[in-house]
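Participant: My structure is below; once you've seen it, I'll send some questions.
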Amino acid sequence: MTHPDRELIKQLELATTDLVWFSEAEYPIQVVYWHDADNFTQDTLLQQHHYPADTKVAMPEFSAFFAVATKQETWHNEAEQAQVVRYQTLVNLMTENLQDIKVYLLGDIEIYAYILGITPQMAIAGLTTRIVAT
């Protein structure tokens, strides 16, 4: 991993420490990194994580994916407000440091989410978590 990417990965890891994605179950958000953006495709993602080739893949817009997590609501308590600010910071960190960010939702009920973009060093970096939606 090149030095500029190492710094970005550290920042992503700090931003996601103890941060969970809320769905019907709570899963941690983890940082992912691949060295070679040139050879990265949706098929690469499926193969590297041993998903069948016919896995259902949805690709919502990056901003739409994070819309609920980054929106302050009047009914949020202090902890929820702090969580929204953390998500806003995370989204800003990603948009400022990654190009061509894509969201891949793999599967149906237990969904594996990958939010990935291209680093200035032409690698793939981003986040992964699981979402349960019945």
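Participant: How would you classify the range 31-88 from its alpha-carbon gyration tensor, with a ≥ b ≥ c the square roots of the eigenvalues: rounded for a/c under 1.5, else prolate if a/b is greater than b/c, otherwise oblate?
Facilitator: prolate
Participant: Heavy atoms only, probe 1.4 Å: what % of the accessible area of the chain goes to carbon and sulfur, would you let me know?
Facilitator: 52
Participant: Report the FRET efficiency, 1/(1 + (r/R0)^6), for residue 109 and residue 30, where r is their Cβ-Cβ distance and R0 is 22 Å, rounded to 0.05.
Facilitator: In this case the efficiency is close to 0.60.
Participant: Can you pull out the chymotrypsin sites (Phe, Trp or Tyr not before Pro) in the range 47-86 that DSSP calls coil and that have at most 15 other Cβ atoms within 10 Å?
Facilitator: Values: sites: 62, 65, 66, 75; in loops: 75.
Sites meeting the loop and neighbour criteria: 75.
Participant: Still on this structure, please answer the following. Only loop residues by DSSP count here, and only those with at most 12 other Cβ atoms within 10 Å; note down the trypsin sites (Lys or Arg not before Pro) in the range 1-73 that meet that.
Facilitator: Answer in residue order: 56, 71.
Participant: Run the dipole for the chain about the Cα centre, Lys and Arg Cβ at +1, Asp and Glu Cβ at -1, nothing else charged, and hand back the magnitude in debye, nearest 20. Mind showing how you got there, number by number?
Facilitator: Numbers: 7 positive and 18 negative charges, 21 e Å.
My answer is approximately 100 debye.
Participant: Just to verify a number: FRET efficiency for residue 96 and residue 18, C-beta to C-beta distance, R0 = 22 Å, to 0.05?
Facilitator: With R0 = 22 Å, the Cβ-Cβ based efficiency is 0.50.
Participant: Debye sum, Cα scatterers, the chain, no solvent: what log₁₀ I/I(0) at q = 0.11, 0.16 1/Å?
Facilitator: Taken in order of the listed q values, log10 I(q)/I(0) reads -0.39, -0.83.
Participant: Now for a separate question. Can you compute 3J(HN,Hα) from phi for each residue in the range 79-94, using the Karplus curve 6.51 cos²θ - 1.76 cosθ + 1.60 with θ = phi - 60°, rounded to whole Hz and x for Gly and Pro?
Facilitator: Each residue's phi maps through the Karplus curve to give 5, 5, 5, 5, 5, 4, 4, 5, 5, 4, 4, 4, 4, 4, 4, 5 Hz.
Participant: Follow-up question, since we're still on this one. From the phi of every residue in the range 29-45, what ³J(HN,Hα) in whole Hz does the Karplus formula 6.51 cos²θ - 1.76 cosθ + 1.60 yield, where θ is phi - 60° and glycine or proline is x?
Facilitator: After applying 6.51 cos²θ - 1.76 cosθ + 1.60, I find 9, 10, 8, 10, 8, 10, 6, 10, 5, 4, 9, 9, 9, 4, 5, 4, 4 Hz.
Participant: To continue, here is another question. Can you tell me the accessible area per residue over the range 11-131, all protein chains present, probe 1.4 angstrom, in square angstrom?
Facilitator: It amounts to 57 Å² per residue over the range 11-131.
Participant: Which loop-located GluC sites (Glu not before Pro) does the range 47-134 contain, where loop means any DSSP state but H, G, I, E or B and the Cβ has at most 15 other Cβ atoms within 10 Å?
Facilitator: 61, 73
Participant: Hey, rough spin-label estimate for residue 77 and residue 56, points 7 angstrom out along Cα→Cβ, what's it come to in nanometres?
Facilitator: 3.4
Participant: Amide H neighbours of residue 123 under 5 Å, counting only residues 5+ apart in sequence or on other chains, H built in-plane at 1.01 Å?
Facilitator: When sequence neighbours closer than 5 places are left aside, the close amide H contacts are 37.
The values are calculated or read from the model by the stated rules, or taken from the named source; none is laboratory data. Please read all numbers here as calculations on a predicted model, not as lab measurements. Note that each Cβ is placed from the backbone with ideal geometry, even for glycine, and that neighbours are counted across all protein chains shown. With ligands, DNA and RNA removed, areas are computed over all heavy atoms of the protein, side chains included. Shrake-Rupley method; radii C 1.70, N 1.55, O 1.52, S 1.80 Å.
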